[in-house]
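Written below as structure tokens is the structure these notes are about.
The values are calculated or read from the model by the stated rules, or taken from the named source; none is laboratory data. If you're wondering where the values come from, they're calculated on a predicted model, not measured in any experiment. With ideal geometry, Cβ positions are generated from the backbone for all residues, glycine too; neighbour counts draw on all protein chains shown. Note: accessible area is taken over every heavy atom of the protein model, side chains too, but ligands, DNA and RNA are not part of it. Shrake-Rupley method; radii C 1.70, N 1.55, O 1.52, S 1.80 Å.
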Amino acid sequence: MNWTLRKKILIGYGLVLALLLLVFGWAFLNLTWLGSASDAMLSENYESIRAADNMIGAVERQESGLLLYWNNFEDEGIEQFRANQAEFQRWLAGAEDNITIDGEREILNRIDAAYAEYVARFTTVLRDDLAAEDAYQDRMKPSFQAVRSASEELRAINLETMQAQSEETQALASRAIWSVGGIGLLAIVLGLAFSVLLSKRIVQPIRQLKAASKALAEGDYDARVDVESQDELGGLAEQFN
């Protein structure tokens with residue numbers, strides 16, 4: 001194949017540019033993938049943690065409503081209890097729509113059952129007008145503790161998952177860095193190899209012409225240049241010969 005000197009130079013630098021584009025493309029794909037994986041991890045588990053925290057806060061405010069009720073602020077206490085009942089159920093529904101971990105459904109079922117019992121016992125307390133100490137210790141406190149404990153378990157399992165996924169993402173990031181570095185090093189080596197080869201193919205005929213010209217000037221009319229290519233330098237060598 002007859003390649004001109006210009007074409008050889010363009011091909012050599014084109015290969016180096018292609019290797020650089022490969023490195024940048026691979027790095028961009030890895031960064032994009034890691035970014036999307038981190039966003040998904042944070043959004044899914046964070047929503048469940050947020051729901052657990054808000055459920056704990058809501059049921060604790062219901063406990064405060066009970067104290068108001070038993071301290072002669074019946075209307076205020078009942079209003080606070082019912083308002084936070086709606087808040088608790090809203091966050092519980094949100095958590096049930098965001099199940100992403102094995103075992104999370106079972107925890108949410110326990111929260112649902114424990115909270116239903118908690119609200120039912122409060123209704124019983126109101127209906128039977130039970131004394132504060134007996135009603136709280138025997139009826140309300142066990143249900144409250146069951147709801148809070150299960151909500152804390154929901155938060156803990158999502159925190160553990162976030163930690164595990166964070167460690168996995170860090171490992172993937174390390175592998176991505178090494179792979180990008182490896183491809184980059186390979187690109188540098190190949191680029192240098194192409195540059196050395198190209199420079200040799202260009203410079204060697206020029207050196208031969210220089211040596212032959214010197215020999216001719218010194219009276220050696222048999223000096224010849226080896227023709228090894230069909231490009232401009234090869235044509236020049238043929239003309240010299």
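Structural remarks
- Annotation: per residue accessible area for region 79-187 equals 56 Å², rounded to a whole number [probe 1.4 Å, protein chains only].
- Its Cα gyration tensor gives region 102-211 an equivalent ellipsoid; the semi-axes, largest first and in whole Å, are 78, 9, 8.
- Which of GLU168, GLU87, GLU153 is most accessible, then next, and so on - probe 1.4 Å: GLU168, GLU153, GLU87
- Order by protection proxy (mean Cβ within 10 Å, highest first), peptides 52-65, 14-27: 52-65, 14-27
- Normalised by residue number, the volume inside the convex hull of the Cα atoms of region 18-128 is 97 Å³ per residue.
- Rounded percent of accessible protein surface that carbon and sulfur make up, region 122-194, 1.4 Å probe: 59 percent
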